[in-house]
Amino acid sequence: MTQALYRKWRPGRFDAVVGQEHVTRTLQNAIAAGRVGHAYLFAGPRGTGKTTTARLLAKAVNCLDPDPRRRPCDTCANCRAIADGRFLDLIEIDAASNTGVDDIRDLRDKINFSPSQGRYKVYVVDECHMLSTAAFNALLKTLEEPPPHALFILATTEEHKVPLTIKSRCQPFNFRLLTTQEIQERLAWMAKQEGLVVEPEALTLVAQQGAGSLRDAESLLDQLVAAPGATITLERAQKVLGTASSAAVRALTTAWLDGNGAAGLRVIHDSLAVGVDARQFARQMVAYLRSLLLLQTVGPEAMAGGSVEQQAAMLEQARRADRPMLVAAIKGFNYAATTPATGFYPQLPLELAFMELLPVVGSNQLAVASSHLPVVVRPATNDGGRPAGGSELLAVTSAPPVAAGDGRPAVVNEQQPVRPEVATIDQPPAVDQPIANDPLPVATLDTITGRWREVMARLGERNKNLPALLASCTPLAVEGDVVVLGFKFPLIKDKFESNRAAVQGMNTVLTNLLGSSLTVRCVMAAEYTPPVTIQKDDFRALAHELGGVVRES
């Protein structure tokens, strides 16, 4: 059986550990000075070198090299025995499987026996946060005052779950996530040792998919290994890993910024058709939008890697993106990336994450396949049938013909001349005026909900970013002349409330459309409780039950 790359090329010396110099340098100084502690706590994300460093420390304290500054030498008998898994004085305990107090009592009973091969008996407790409370309590005294020949190394990915009483008895070391550049350099070295031919773009993709975990990236590279001599290309890496191309990620972001739902869905479906995993695509969108947010906040120095064209495209998108909506987009795609694929449409979370970011359209119209065909619009004419002004200019638009009352398309007069002013494009935007011959509805919750799309359309004419900002907002109630708006996210609510122009624009649009002087009040939808109203009939029923009457003044 072939050994996994991350096991085969596990570092044998401290200087081979990638990205954790702040840990390895401190441990080397302690070994050289002869001041090794009795207990250590290694905390950090998975795949960042905690177990590897614990084994190196076990090597160093048992190394036979006479010079402490060269330990571990990785050549002596003890170092080779630890590397091969034959060293009896290195005891590795999986706390996820040995969580009970009996396991710790067994450890406590055996710890007093002297080492059989080396100078120290080293206990490595992996995922120590999985130990039960009773097990931690049983370990306390031994951990605080172990025998002189015992050394404890606790490793965990969830430091906050380790009791403070345990932390206070250990020297803590925090391991950090690795950068893409650090992972890429290590993968290139590993590929060279294995004789693999890998395109630099493929290495970059694998390093990015590692998300700061070197072990994850090494496992992905192991997955891509093909026949000897074959080149691992970027295209092969994308197919095997189920990732979308960077061009697809940028195209979906552009479709979102343009409010083009059709283009965005086309990008998603085309990517899924060639084998891209929907959740992986969502993760890539989270990473890309996060880069835009950092670029927008920090500036161009936040960009790392990529061609000049890619960096220019990211700068342009960062300028166009509204920050609250960018944060909302990251949250939406992150939810799609972490939601398990269920049902008949595994791509549904990704599609919904994209569609929820689009601005609300002004009316519920269906897109038709012939919408790209030019249509000539019949202008208003004089009594003689000729257009006013006598001009023969025709107005051509891309809108589909309006359907007649019986569902058949209306007949369009393709030869009817129109006045030149009909064809002009410099028309002023629509103003918030009541529609002529349209009776003004009563300001109730039903009427507001029924015309909410129209409200969003009018707001979009004032500020194109407002409909997208209010995508998660819904009217909850009407309290007199106050419309209560419910928000899902506190950040969006605070952003809208702090924008006086946006609030005033909403008040104006509601007033003009519904014919009543209305204002808005913003609340969190989950926290809103409608007021209780008591009618006269309720008073009369209560008075009748108590034997009284209601006097009306």
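Side notes on the structure shown:
- Count - residues of segment 2-43 that are touching a residue at least 12 places away in the same chain (Cβ under 8 Å), part of a helix (DSSP H, G or I) and polar (S, T, N, Q): 3
- Test: Glu127 is open to solvent by 10 Å² or more (accessible area, probe 1.4 Å), over 21 Å from Ile31 (Cβ atoms) and modelled with pLDDT of 90 or more: yes
- Criterion violated by Ser168 - all others in (1) out of contact with any strand residue (DSSP E or B) (no Cβ under 6 Å at 6 or more places or on another chain); (2) within 21 Å of Gln284 (Cα to Cα) satisfied: (2)
- Taking segment 11-43 as the range and being within 31 Å of the chain's Cα centre (by Cα) and open to solvent by 10 Å² or more (accessible area, probe 1.4 Å) as the test, the residues that pass are Val17, Val18, Glu21, His22.
- Ser132 over 26 Å from Arg71 (Cα atoms), open to solvent by 80 Å² or more (accessible area, probe 1.4 Å) and either of a type in the set (Ser, Thr, Tyr) or modelled with pLDDT under 90 (or both): no
- Subset of segment 60-92 [assigned to a helix (DSSP H, G or I) and free of Cβ contacts under 8 Å to residues at least 40 places away in the same chain]: Pro68, Arg70, Ala77, Arg80, Ala81, Ile82
- Residue count, segment 48-58 (criterion: open to solvent by 10 Å² or more (accessible area, probe 1.4 Å) and either part of a loop (DSSP other than H, G, I, E, B) or among the hydroxyl-bearing types (Ser, Thr, Tyr) (or both)): 3
- Positions within segment 208-217 being open to solvent by less than 60 Å² (accessible area, probe 1.4 Å), part of a helix (DSSP H, G or I) and closer than 15 Å to Leu5 by Cα, in sequence order: Leu214, Asp216, Ala217
- Applying the condition of being over 13 Å from Ala321 (Cβ atoms), at pLDDT below 90 and in a helix (DSSP H, G or I) to segment 285-301 and asking which residue is most open to solvent (accessible area, probe 1.4 Å) yields Glu301.
- When the residues of segment 218-241 are filtered to those that are part of a loop (DSSP other than H, G, I, E, B) and modelled with pLDDT of 80 or more, the one that is farthest from Gln280 (Cα to Cα) is Val225.
The values are calculated or read from the model by the stated rules, or taken from the named source; none is laboratory data. Please read these numbers as outputs of a predicted model, since none were measured by experiment. Because the Cβ atoms are built from the backbone with ideal geometry, glycine has one as well, and the counts that use them run over all protein chains shown. Remember, those area values only see protein heavy atoms, side chains included, never the ligands or the DNA or RNA. Shrake-Rupley method; radii C 1.70, N 1.55, O 1.52, S 1.80 Å.
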